[in-house]
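Accompanying notes for the structure given below.
Please treat every number below as a calculation from the coordinates, not as lab data. It should be emphasised that the depicted structure is a prediction, and the values quoted were computed from it without experimental measurement. As a convention, Cβ positions derive from the backbone with ideal geometry for all residues, glycine included, and neighbour counts pool all protein chains shown.
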Amino acid sequence: MRRLLLGLSIAAAVTASASAPALAQGTLRTAVGTTLNQLDPSKTTIGDEYIYVHLVFNGLSRIDPDMTVKPDLAESWTASEDLKTWVFKLREGVKFHHGRVLDSEDVVATVKRILDPATGSRARSNLTMIESVEATGPLEVTFKLNLPYAGFADIFADRQLRIVAKDKIGELSTHPIGTGPFMFKSWSPGDRMEMVKNPDYFEKGLPKLDGVTMRIIPEAAARIAALESGSIDILWNLPYESVDKFKDHATIRLDSVPTPTWDAVILNNERPPFNDPRVRKALALTIDKSALVELALFGQGAPTFSPLPPSHPYFNHELKFNPPDIAQARKLMAEAGFPNGFDVPMQVPQEREQRVRLGVAVRDMARAAGIRINVERVPFASYAANVAGKAQMYVDGYFARPTVDTALYPFYHSTGSWNRQLWLYKEPRVDKILDEARKTNDDAARKKLFQEFQAVVEETQPSIIAYSMAHVNGVSKKVEGFKSTPMLWLELKNVTLKP
């Protein structure tokens, strides 16, 4: 099977065999820090929501913990020689949670809905190569593309591209229906979501648990206390500052995996002073990214220039992480009309302590060049409405994407959905590179294009991508068969609980 282009060099994750005898059933309890704003999978935007989506829904393809793409609702797919016609064969007998059998019209309805601008799905920009989608048989779907696209099947393993029932679309925001290993039972905003075992799940013998409860616990200290007391079984995204505490714990183990997930200082390229690339470059020249890894992540990551991590085969190793150059930063500031520097607010999400640490560290580094940053803590739940794409400067972060194209095109192309939500960056050279890469199937040519992309981004500095990071979960030793995934969702269908 294809290995995803964005995966880091990690050992293959080992999961419990579906045929192994279950130690015990029961309901697994996990904790996250942010309430879910959206239950419609096509509209989800935050990691806490992606956990639920992964448990309740399936895609045509799936991403295993070793970052390989395999069939999921589609049992196979084929592509024409020019990579512009793709035919997916669906599994027979897959049932939605309300009992109806999945068919090709469900796939067509899902895709057309995501492609409709009125839906407002961020995944729409990942599907712009689709010219038409048609049910060419009860269990066959044919896609016609407007350009060759070698990684087309990989896209359907991503978070928002989960197949929904065509007759239950109107209920997705209140009572979502999927095909996944667990079924939605109830949702109490700000408190918990309850899911129960899907007895008709198409992977026989799975899931092994009776259910999963996601608890919303905003305070990190309270989440850690719940893990230590046994009130929860998995603490998703354990704060890095707590890693040492659990290294030799009697009842808790650490489960960690490197990922291409990243944090950044987001700069609004359409608002002064960051509409001037000299100012953005000046800020970048004050930053010591290696120090940021230690200060924000306690060493649990690596510096990078873009969402491509240093271990990626397309990473541009000719670019160097140079030490800060304050003299050059001040020179650029003066050229841009700020010889005495300037004052600027920077929002940080108060429930995301590592991003708060990142913001504070950047504030302290930038001061040497006369960039006086006022750090403002803002509730993460209000970021999408009040901060993202609007503020001059703020700290945010994004999870690993399934392909290089989905990791870069939506974020850096001038038409990209995430670009419009983040830095509002417009660079014709980048648009040309990303458009050309989508049409290129030769790996050497793609590598050259993406290395050029990194060089242009480093030159123009749309924002400051600080690092790629590890994903660490705190796991009760009662939990068997669990392994963290670089995609940061929870793989629970093979999990059991010891008595």
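Here are a few things to note about the model shown:
- Assigned charges on the beta-carbon of Lys, Arg, Asp, Glu; the chain dipole about Cα centre (debye): 400 debye
- Packing-based ranking, highest mean first, of 431-442, 28-39 given that Cβ atoms within 10 Å are counted: 28-39, 431-442
- Net charge, T110 excluded, C-beta distance under 9 Å - Lys, Arg +1, Asp, Glu -1: +3
- Taking the inverse of the mean reciprocal distance over all distinct Cα pairs, the Kirkwood hydrodynamic radius of the chain comes to 23.4 Å.
- Degrees between helix 47-56 axis and first principal axis of the chain (Cα, 0 to 90, nearest 10): 20 degrees
- Total formal charge among the other residues, if their Cβ is under 13 angstrom from that of E376, Lys/Arg +1 and Asp/Glu -1: +2
- Sequence-distant residues sharing a close amide H with R29 (under 5 Å, placed H): T213, D233, I234
- Sites listed here are trypsin sites (Lys or Arg not before Pro) in the stretch 231-294 whose DSSP assignment is loop and whose Cβ has at most 13 other Cβ atoms within 10 Å: K247.
- Amide hydrogen neighbours beyond the local backbone of D72, cut-off 5 Å, H modeled: S61, R62
- Cα point-scatterer Debye curve for the stretch 261-469, base-10 log of I(q)/I(0) at q = 0.13 Å⁻¹: -0.68
- Integer Hz, Karplus 6.51/-1.76/1.60 couplings in order for the stretch 180-197, x for Gly and Pro: x, x, 10, 10, 4, 10, 7, 9, 10, x, x, 10, 6, 10, 10, 10, 10, 4
- Rounded tilt (10° steps) of 326-335 against the dominant C-alpha axis of the chain: 80 degrees
- Applying a DSSP loop filter and a limit of 15 other Cβ atoms within 10 Å to the trypsin sites (Lys or Arg not before Pro) in the stretch 325-417 leaves K390.
- Helix-derived mean residue ellipticity, 222 nm - over the chain, DSSP H n ≥ 4, -39500 (n - 2.57), to 500: -7500 deg cm²/dmol
- Computed from Cα atoms, the angle from the helix 104-115 axis to the main principal axis of the chain rounds to 20 degrees.
- Per-residue 3J(HN,Hα) values for the stretch 474-484, derived from phi via the Karplus relation 6.51 cos²θ - 1.76 cosθ + 1.60 with θ = phi - 60°, read x, 10, 4, 5, 6, 8, 10, x, 9, 9, 5 Hz in sequence order (x marks Gly and Pro).
- Summed residue charge, Cβ within 13 Å of Q328's Cβ, Lys/Arg positive, Asp/Glu negative: +2
- Signed unit charges on C-beta, dipole axis of the chain, positive-most listed residue G180, V395, L434: V395
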